[in-house]
Amino acid sequence: MELLNILFVAPFVDITSSPVFFAEVVIGGLMTGVMYSLVALGFVLIFKASGVFNFAQGAMVLFAALTLVGLMERGVPIPLALAGTVLVMIALAMLIERMMLRHLVNQEGIILFMATIGLNFLLEGAGQIAWGSNVKVLDLGIPNQSFEVAGILLNQFDLFAAAIAAVMVTVLAVFFQKTTIGRALRAVADDHQAALSVGIPLKTIWVIVWSVAGIVALVAGIMWGAKSGVQFSLSLIALKALPVLILGGFTSVPGAIIGGLIIGVGEKIAEIYWGPAFGGAIEGWFAYMLALAFLMFRPQGLFGEKIIERV
Amino acid sequence: MAQDMTKPRNIGDVLLNVENISIAFGGVKALDGVSFDVREHEILAIIGPNGAGKSSMLNCINGFYHPQDGIITFKGTPRQRMQTHEAAAQGIARTFQNIALFKGMSTLDNIMTGRNLKMKKNLLWQALYFGPALTEELEHRAKVEEIIDFLEIEAIRKTPVGKLPYGLQKRVELGRALAAEPDLLLLDEPMAGMNHEEKEDMCRYILDVNDEFGATIVLIEHDMSVVMDISDRVVVLDYGRKIAAGTPDEVRANQDVIDAYLGVSHD
Amino acid sequence: MFYRESGQFKTSYQKDQQVFPIAQDRIFIALLLVVAFAVVPFVADEYWLQAVIIPFLIFSLAAVGLNLLTGYAGQVSLGTGAFMAVGAYATYKITTAFPEINIVIVFLMSGMVAAGVGIVFGLPSLRIKGFYLAVATLAAQFFILWLFNKVGWFFNDSPSGTITAPPRTLFGIMISGPEATAEVRYFVSLTFLVVFTVIAKNIVRGRIGRSWMAIRDMDIAAEIIGIQPLKTKLMAFAISSFYCGLAGALSVFAWLGGAETEAFSIAISFQVLFMIIIGGLGSIMGSIMGAAFITLVPIFLTNMPAMFGIPMATDLSKHIEEIVFGGLIVFLLIVEPHGFARLWQIGKEKLRQWPFPY
């Protein structure tokens with residue numbers, strides 16, 4: 001009885017008794033969710049366009065943030081540092097294409113996946129050697145004040161982050177759906193060889209998409225870094241992006257966003273209202289379990305297409 | 001190439017009965033009330049233009065698709081809805097239109113896998129690879145070698161099948177299906193993409209399988225000369241419906257069949 | 001010149017199905033075993049055994065286990081660390097509750113417990129494949145470690161939250177606990193590795209191994225020829241987790257002497273995954289070669305600067321290690337996606353023809 005109460009009654013009593021606090025929890029979750037979405041977005045971009053499940057996305061977030069902070073620490077003004085980091089990410093994309101992807105054309109997905117795990121380690125090591133591995137403060141001068149709306153505490157920075165995410169998603173959606181490059185990207189994702197045969201320059205496409213993913217990583221890195229400092233743990237959020245992808249589907253941009261929000265809100269609520277019943281710290285696995293439960297019912301994700309198997 | 005017509009064909013009772021089968025995918029009717037039966041030891045060909053529902057028919061027979069309507073009766077028992085793997089246990093084996101071999105495994109292992117259902121020794125014995133497990137393995141190896149011998153693929157026994165040319169892969173696939181010693185063998189375009197000589201070889205294997213192993217065969221084929229030569233009876237599908245059935249000669253003379261192949265509009 | 005099979009004729013299928021059909025290979029393996037059992041423990045010192053060789057043996061066992069699941073049955077798992085933890089914690093629980101049970105039996109029982117947990121987390125594999133399944137195993141990884149961290153029962157409520165290997169004997173010899181010598185622990189690990197490698201090889205060359213590979217290569221065709229996907233995959237999860245559990249048990253009882261959940265973190269899962277990628281997916285021998293590589297490279301990298309008299313900060317050498325690791329993985333995948341095992345095979349082919357390659 002005690003257990004049933006803790007699991008099924010007490011949390012709901014808490015929720016209804018203090019709706020303002022609940023709203024704050026939800027908003028907090030949404031903000032974390034936006035961050036997850038941004039990381040997941042990088043995954044989706046690369047997966048959509050090159051069929052590569054890029055495990056190194058988290059490391060790219062870390063790498064981008066470290067580069068930015070490193071440049072700023074050396075006295076480079078913010079706009080220049082941003083531009084410099086973007087250039088570094090583009091150079092990185094070219095390097096990755098030149099050194100890695102080019103040699104792995106037509107390998108099985110799992111091999112490419114493993115290669116990006118290797119890349120993950122490379123970037124983590126290189127980023128920390130180049131810029132140091134201590135925790136760094138990232139201050140871009142984004143206002144970080146709280147204010148109240150209808151009794152609910154809001155934070156300017158969070159709103160700013162949400163706005164940025166919204167803009168990015170819109171731009172990317174247009175980019176994918178409306179431009180020639182977007183169409184070429186989708187063709188490449190479908191079939192490398194077929195795309196080559198109709199004259200789509202595979203290598204250029206890869207550089208473009210990895211660059212875009214690099215810039216998305218930079219944005220994610222700025223947001224996370226400004227909130228909690230630039231440090232190694234940034235690359236670990238890549239793992240959190242996995243359940244997000246499961247929920248949203250690997251190829252869906254809106255899926256990445258909505259998946260991120262669901263996971264963000266879900267784990268916050270679970271931690272605050274159900275966490276105590278389990279002894280706390282359930283944030284560590286809740287997202288995965290949620291994704292797993294979800295998979296059992298809808299293996300293709302929220303927005304993924306159902307695959308008809310034929311022989 | 002022509003079948004020896006003087007040889008008596010001991011066609012037996014009905015082995016498989018397909019009754020009023022219908023299946024649709026998202027509104028598109030792949031099969032629409034198809035009925036026919038297959039008798040023991042006969043070779044039945046299913047023909048029809050592309051998209052007529054031939055492969056869907058085979059998929060229904062071996063339990064990969066579940067028809068939305070109709071009854072399939074195999075060996076006298078009407079079939080309940082079942083898992084795909086159960087059809088194999090009942091004695092149905094097949095080959096595929098696009099070769100579905102296990103590419104990372106050798107020819108030998110592929111064909112040995114076809115005998116999996118017949119191997120019973122449990123994990124513990126297998127872990128030791130000794131005593132009963134070893135005896136079993138060797139017994140089945142001997143059987144598999146008979147098939148390898150029959151299909152004349154001794155030389156590629158240990159080659160990973162992914163590296164074999166297309167024609168040989170088709171042969172290995174036939175071998176894998178034979179290894180299960182099936183009562184009913186479903187062949188989905190066994191001769192697609194082959195040159196004339198390879199086709200002749202394959203015809204010979206199919207006839208021998210029918211003759212020596214006593215397997216009943218349902219095959220899909222586009223090459224009409226092959227179909228007319230080797231099959232006892234022919235079922236013609238078009239747009240998911242059965243439009244004709246009978247001996248090759250009857251079917252050849254059927255006006256609907258001629259229309260379907262020459263393309264008369266469907267309205 | 002000396003390495004060829006000419007003149008060695010196979011007169012029975014049994015002979016043809018040997019693991020090492022070429023006589024020279026058999027001699028080589030026999031020599032290797034003799035060296036491992038009779039030479040190494042007397043030559044290697046405490047540091048080498050403790051820091052290099054024992055972890056290598058234990059990780060080899062885990063790598064063999066993961067390779068059964070990922071390399072043979074084609075199911076990617078990122079939960080190796082968790083399954084190892086299950087083995088370690090189960091051993092701890094069983095042997096502290098029933099000290100009279102022989103420790104080797106306890107190890108095997110713990111493997112069974114890990115197998116059971118593996119089956120539970122393998123259940124989703126019926127419906128989900130590939131990367132999706134990898135996420136399911138991540139759930140196992142985080143959930144199980146959280147459980148072992150939070151619930152005191154698993155570590156007998158010890159205030160430090162760690163489990164420690166109590167002293168246990170086998171045939172009157174201390175094989176676990178603070179008084180067990182490195183040599184003895186080496187023997188224990190080596191014996192487990194050898195026995196279970198042979199078993200793994202036997203499983204993969206028989207019916208079960210073939211059904212795993214069939215599921216891996218083309219699951220639909222496998223199902224149509226009568227292989228039950230769920231049963232086959234669950235068996236792969238069970239056996240693989242058994243191996244990982246055993247490796248986890250050994251890593252606490254024959255290597256570390258004590259551990260907390262951190263010792264089985266996601267980093268371990270990745271490490272074992274690297275071993276089998278680098279060694280060769282779908283190769284038992286490759287798993288062991290990969291384990292050797294992954295355990296040796298860091299040792300080499302940590303010691304090398306010192307050898308040349310260059311002082312190096314530990315975190316710098318850790319980052320260099322990451323770079324070298326990552327770089328090597330990418331490089332190896334480009335050069336030979338099938339790992340050391342394939343390189344080894346190619347080498348043998350070359351050797352057979354040497355010195356007259358035409």
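The values are calculated or read from the model by the stated rules, or taken from the named source; none is laboratory data. Note that this is a predicted model, so its numbers are computed, not measured. Because the Cβ atoms are built from the backbone with ideal geometry, glycine has one as well, and the counts that use them run over all protein chains shown. To get the accessible areas, we keep the full protein, side chains included, count just its heavy atoms, and leave off ligands, DNA and RNA. Shrake-Rupley method; radii C 1.70, N 1.55, O 1.52, S 1.80 Å.
Look at A:I15 and say whether it is farther than 30 Å from C:G326 by Cβ, of a type in the set (V, I, T) and touching a helix residue (DSSP H, G or I) at 6+ places or on another chain (Cβ under 9 Å).
Working: farther than 30 Å from C:G326 by Cβ: yes; of a type in the set (V, I, T): yes; touching a helix residue (DSSP H, G or I) at 6+ places or on another chain (Cβ under 9 Å): yes.
Against the criterion (farther than 30 Å from C:G326 by Cβ, of a type in the set (V, I, T) and touching a helix residue (DSSP H, G or I) at 6+ places or on another chain (Cβ under 9 Å)), A:I15 qualifies.
If you go through the range B:108-127 one residue at a time, how many are facing chain C (nearest Cβ under 7 Å) and of a type outside the set (S, T, N, Q)? Walk me through how you get there before you give the answer.
Kept after step one, since they are facing chain C (nearest Cβ under 7 Å), are these residues of the range B:108-127: B:109, B:112-114, B:116-117, B:119, B:123, B:126-127.
Pick out the ones that are also of a type outside the set (S, T, N, Q) and you get B:109, B:112, B:114, B:117, B:119, B:123, B:127.
Residues flagged as facing chain C (nearest Cβ under 7 Å) and of a type outside the set (S, T, N, Q) within the range B:108-127 amount to 7.
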Do we have any residue at all in the range A:271-279 that's open to solvent by less than 10 Å² (accessible area, probe 1.4 Å) and in contact with a Leu (Cβ under 8 Å, 6 or more places away or on another chain)? no
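Listed residues C:S241, C:S283; which is within 13 Å of another protein chain (Cβ to nearest Cβ) and among the polar types (S, T, N, Q)? Give the derivation first.
Details: C:S241 fails: within 13 Å of another protein chain (Cβ to nearest Cβ).
None of the other options fit; the residue is C:S283.
Restricting attention to the range C:43-96, which residues are touching an Asp or Glu at 6+ places or on another chain (Cβ under 8 Å) and open to solvent by less than 10 Å² (accessible area, probe 1.4 Å)?
Kept after step one, since they are touching an Asp or Glu at 6+ places or on another chain (Cβ under 8 Å), are these residues of the range C:43-96: C:49, C:74.
Passing the criteria: only C:L49.
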Could we say that C:D16 is at pLDDT below 85 and surrounded by 12 or more Cβ atoms within 10 Å (Cβ to Cβ) here? yes
Which condition does C:Q271 not pass, out of (1) within 14 Å of chain A (Cβ to nearest Cβ); (2) more than 16 Å from C:I58 (Cβ to Cβ); (3) surrounded by fewer than 24 Cβ atoms within 10 Å (Cβ to Cβ), if it passes all the others? (2)
Checking C:A90, C:A165, C:A140, C:A97 in turn, the sole residue that is away from chain A (no Cβ under 14 Å) and within 17 Å of C:F242 (Cβ to Cβ) turns out to be C:A90
Mind checking which residues of the range B:97-107 are buried (at least 20 other Cβ atoms within 10 Å of the Cβ) and at the interface with chain C (Cβ under 7 Å from one of its Cβ atoms)? B:A100, B:F102, B:G104, B:M105
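Search the range B:53-81 for residues being within 12 Å of chain C (Cβ to nearest Cβ) and not β-branched (V, I, T), and hand back the single one that is nearest to B:F25 (Cα to Cα).
The first filter runs over the range B:53-81 and keeps only residues within 12 Å of chain C (Cβ to nearest Cβ), leaving B:58-59, B:61-65.
Cutting the leftovers down to not β-branched (V, I, T) gives us B:58-59, B:62-65.
On the way: B:L58: 16, B:N59: 13, B:N62: 18, B:G63: 16, B:F64: 14, B:Y65: 11 Å.
My answer is B:Y65.
Select from the range B:132-160 the residues that are assigned to a loop (DSSP other than H, G, I, E, B) and away from every other protein chain (no Cβ under 12 Å) and write down the one among them that is most open to solvent (accessible area, probe 1.4 Å). Spell out the reasoning first.
Taking the range B:132-160 first, the residues assigned to a loop (DSSP other than H, G, I, E, B) are B:151-153, B:157-159.
Still in the running and away from every other protein chain (no Cβ under 12 Å): B:151-153, B:159.
Values: B:L151: 0, B:E152: 101, B:I153: 3, B:T159: 41 Å².
Step by step, filter the range B:132-160, then rank; the result is B:E152.
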Please report, ordered by residue number, the helices (runs of 4 or more DSSP H) entirely within the range C:144-247 with at least 2 residues that are in contact (Cβ under 8 Å) with a residue 24 or more places away in the chain and open to solvent by 30 Å² or more (accessible area, probe 1.4 Å). C:182-204, C:207-217
Any idea which residue in the range C:168-202 is nearest to the other protein chains (Cβ to nearest Cβ), counting only those that are under 19 Å from C:E100 (Cβ atoms) and small (G, A, S)? C:S176
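Among the candidates B:G91, B:G51, B:G33, B:G70, which residue alone is closer than 30 Å to B:V161 by Cα and open to solvent by less than 60 Å² (accessible area, probe 1.4 Å)?
B:G91
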A:A130 vs. criteria closer than 30 Å to C:L133 by Cβ, of a type in the set (A, V, I, L, M), within 14 Å of another protein chain (Cβ to nearest Cβ) and in a helix (DSSP H, G or I): no
Can you tell me which of B:E154, B:E136, B:E146 is touching a residue at least 12 places away in the same chain (Cβ under 8 Å) and of a type in the set (D, E)? B:E136
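For the range A:224-306, give me every one of the helices (runs of 4 or more DSSP H) that falls completely inside it and has 3 or more residues that are of a type outside the set (G, A, S).
Values: elements: A:237-248, A:253-269, A:275-278, A:283-297.
Qualifying helices (runs of 4 or more DSSP H): A:237-248, A:253-269, A:283-297.
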Expected single match for at pLDDT below 90 and over 13 Å from B:G114 (Cβ atoms) among B:A180, B:A192 is B:A192
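Tell me yes or no: at least one residue of the range B:135-144 is closer than 19 Å to B:T95 by Cβ and charged (D, E, K, R).
Start the filter on the range B:135-144 by keeping residues that are closer than 19 Å to B:T95 by Cβ, which leaves B:143-144.
Going one step further and asking which of them are charged (D, E, K, R), we end up with B:143.
The answer is yes, given that some residue of the range B:135-144 is closer than 19 Å to B:T95 by Cβ and charged (D, E, K, R).
Scan the range C:317-343 for residues that are under 19 Å from the mean Cα position of the chain (by Cα) and part of a helix (DSSP H, G or I) and jot them down.
In the first step, residues of the range C:317-343 are kept if they are under 19 Å from the mean Cα position of the chain (by Cα); the result is C:325, C:329, C:338-342.
Passing the criteria: C:F325, C:I329, C:G339, C:F340, C:A341, C:R342.
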Odd one out for B:E181, checked against (1) open to solvent by 60 Å² or more (accessible area, probe 1.4 Å); (2) over 14 Å from the mean Cα position of the chain (by Cα); (3) in contact (Cβ under 8 Å) with a residue 12 or more places away in the chain: (2)
Give the number of residues within the range B:47-77 that are in a loop (DSSP other than H, G, I, E, B) and on the phi < 0 side of the Ramachandran plot. 9
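Hey, among B:V227, B:V172, which residue is open to solvent by less than 50 Å² (accessible area, probe 1.4 Å) and at pLDDT below 90? Quick ask: steps written out before the conclusion?
Values: B:V172 fails: at pLDDT below 90.
Just a single option satisfies the conditions, and that option is B:V227.
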Being farther than 26 Å from A:R102 by Cα, small (G, A, S), touching a residue at least 24 places away in the same chain (Cβ under 8 Å) and surrounded by fewer than 23 Cβ atoms within 10 Å (Cβ to Cβ): is that true of A:A220 here? no
Among (1) more than 13 Å from chain C (Cβ to nearest Cβ); (2) modelled with pLDDT of 85 or more, where does B:A87 come up short? (1)
